[in-house]
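*Asks:* This structure is in structure tokens; I'll ask about it shortly.
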Amino acid sequence: MNLEFKRELPPARVLKEMYPISDKAASVKKNNDDAIKAIFTGESDKFLLIIGPCSADKEDSVLEYITKLRDVQDKVKDKIVIVPRIYTNKPRTTGEGYKGMLHQPDPDAAPDMLKGIIAIRRVHLRAIEETGFSCADEMLYPGNHPYLSDVLSYVAVGARSVENQTHRLTASGLDIPVGMKNPTSGMLSVMMNAISAAHHSHTFVYSGWEVKSSGNPLAHAILRGYTHKQGSTAPNYHYEDLMFLHELYQKSGLEHPAVIVDTNHANSGKKFEEQPRIAKEILHSMRLSKDIRSLVKGLMIESYLVDGCQAPGGTVYGQSITDPCLGWEKTETMLYELAELL
């Protein structure tokens, strides 16, 4: 092997002992979990918004953004449940580019995984303790999930990971909602197979143990658009797309049919400013069809303090260093508009 073994990292148990979640924060998370789960089971008709930066980069700007979300949440709580995105690792199609806070807790410094696992746990803990939000993260590396397993209220499996067996089996062992994105090819059968796998019990190897999962009935679909073989993007959030997914769910027999619609990525053609329009179209489809209304549980939105994006090393505070995001002023306007439409 050509690997350089730099150092052994502490297991999740040790890191959790070093940076424990308080009893108060654990209680807050449980209440958040209950509210979110009730949306997916149909016990609550509130609308879920999973919203935040494409990638968490700097702790101070991420926490400032989430604090702003807290003010909005308090005003729309009768209709909307907000789950902030703190995405601490970033999938890279070619392997090049900023890979997230897990790899580089300081985007301007060299990768440091030890500092990274501490940084991602700390930012999630601060979010709960300072804002009352337990947040969402992407499970890019299933083996790293135990570092955050007691602080997350939502997990997403990305378009490039959804076919991976380890992701599917790990999702089956989580007790929070797990969203399975459609693959970049757009093949919904791949996504549906992943959801089915996550719903069922499995025996597999995890963290050096033989484990058995109970199955996760809250695993569900995320529609994020897709890419043609020629390289152009295409959306899958329109009325017809949602009705087709409804039909797939009916044929599958899966418990708790549900979808979160990603308003960015291929659904927007990576035109971040289109997200408010797309969000409103989805709500319009929900008004037209009771089947769509029962299926669509919420939206996933990429938003940060400042519109657009910049290269890593940029000096604009609160602007994404990965994919472009909707700035705060437009985000706040959109959130209140969505609350009015619901």
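The values are calculated or read from the model by the stated rules, or taken from the named source; none is laboratory data. Owing to the predicted nature of the structure, the values given are computational and were not obtained by experimental measurement. All Cβ positions, even for glycine, are placed from backbone atoms using ideal geometry, and neighbour counts span all protein chains on display.
*Asks:* Between a residue in segment 279-307 that is closer than 20 Å to L218 by Cβ and any residue that is surrounded by 21 or more Cβ atoms within 10 Å (Cβ to Cβ) and among the basic types (K, R), which pairs come within a Cβ distance under 8 Å, given they are 6 or more apart or on different chains?
*Replies:* M300/R85; M300/R224
*Asks:* Let me ask something else. Considering segment 219-275 alone, what residues qualify as being buried (at least 23 other Cβ atoms within 10 Å of the Cβ), farther than 17 Å from S185 by Cβ and in contact with a Pro (Cβ under 7 Å, 6 or more places away or on another chain)?
*Replies:* Residues satisfying the conditions are H220, F272.
*Asks:* Which one of K270, K251, K297 is in a loop (DSSP other than H, G, I, E, B) and of a type in the set (K, R)?
*Replies:* Numbers: K251 fails: in a loop (DSSP other than H, G, I, E, B); K297 fails: in a loop (DSSP other than H, G, I, E, B).
Step by step, each of K270, K251, K297 is checked, and only K270 is in a loop (DSSP other than H, G, I, E, B) and of a type in the set (K, R).
*Asks:* Could you please give the count of residues in segment 177-198 that are crowded, with 21+ Cβ neighbours inside 10 Å and in contact with an Asp or Glu (Cβ under 8 Å, 6 or more places away or on another chain)?
*Replies:* Adding up the residues that qualify gives 3.
*Asks:* Turning to a different aspect of this structure: Among residues belonging to segment 97-118 that are under 13 Å from V62 (Cβ atoms) and in contact with a helix residue (DSSP H, G or I) (Cβ under 7 Å, 6 or more places away or on another chain), point out the one that is surrounded by the most Cβ atoms within 10 Å (Cβ to Cβ).
*Replies:* Restricting to residues being under 13 Å from V62 (Cβ atoms) and in contact with a helix residue (DSSP H, G or I) (Cβ under 7 Å, 6 or more places away or on another chain), the top hit is M101.
*Asks:* So, in segment 286-342, exactly how many residues are farther than 28 Å from G100 by Cβ and within 19 Å of the chain's Cα centre (by Cα)?
*Replies:* Qualifying residue count, segment 286-342: 2.
*Asks:* Return the pair list, or none, for Cβ contacts closer than 8 Å from residues in segment 35-54 that are closer than 19 Å to R287 by Cα to residues that are of a type in the set (A, V, I, L, M, F, W, C) and assigned to a loop (DSSP other than H, G, I, E, B), at least 6 apart or on different chains.
*Replies:* As it stands, the answer is F40/L218; F40/A258; F47/L342, since those pairs meet every condition given.
*Asks:* Suppose the filter is in a loop (DSSP other than H, G, I, E, B), in contact (Cβ under 8 Å) with a residue 40 or more places away in the chain and touching a helix residue (DSSP H, G or I) at 6+ places or on another chain (Cβ under 9 Å); does I21 pass it?
*Replies:* In short, yes.
*Asks:* Name the pairs: first residue in segment 188-213 and within 28 Å of L242 (Cα to Cα), second residue at pLDDT below 95 and of a type outside the set (V, I, T), Cβ to Cβ under 7 Å, at least 6 apart or on different chains?
*Replies:* Cβ pairs passing all conditions: H199/E255.
*Asks:* Quick check, is I66 assigned to a helix (DSSP H, G or I), farther than 20 Å from N144 by Cβ and among the aliphatic types (A, V, I, L, M)?
*Replies:* yes
*Asks:* Just the residues that are under 17 Å from the mean Cα position of the chain (by Cα) and either of a type in the set (A, V, I, L, M) or at pLDDT below 95 (or both), please, taken from segment 161-183.
*Replies:* V162, A171, L174, I176, V178, M180
Quick grid of which residues meet (1) more than 19 Å from Q250 (Cβ to Cβ); (2) modelled with pLDDT of 95 or more:
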| residue | (1), (2) |
| --- | --- |
| S196 | no, yes |
| T203 | yes, yes |
| S207 | yes, no |
| K212 | yes, yes |
| A221 | no, yes |
| R224 | yes, yes |
| T227 | yes, no |
| Q230 | yes, no |
| Y237 | yes, yes |
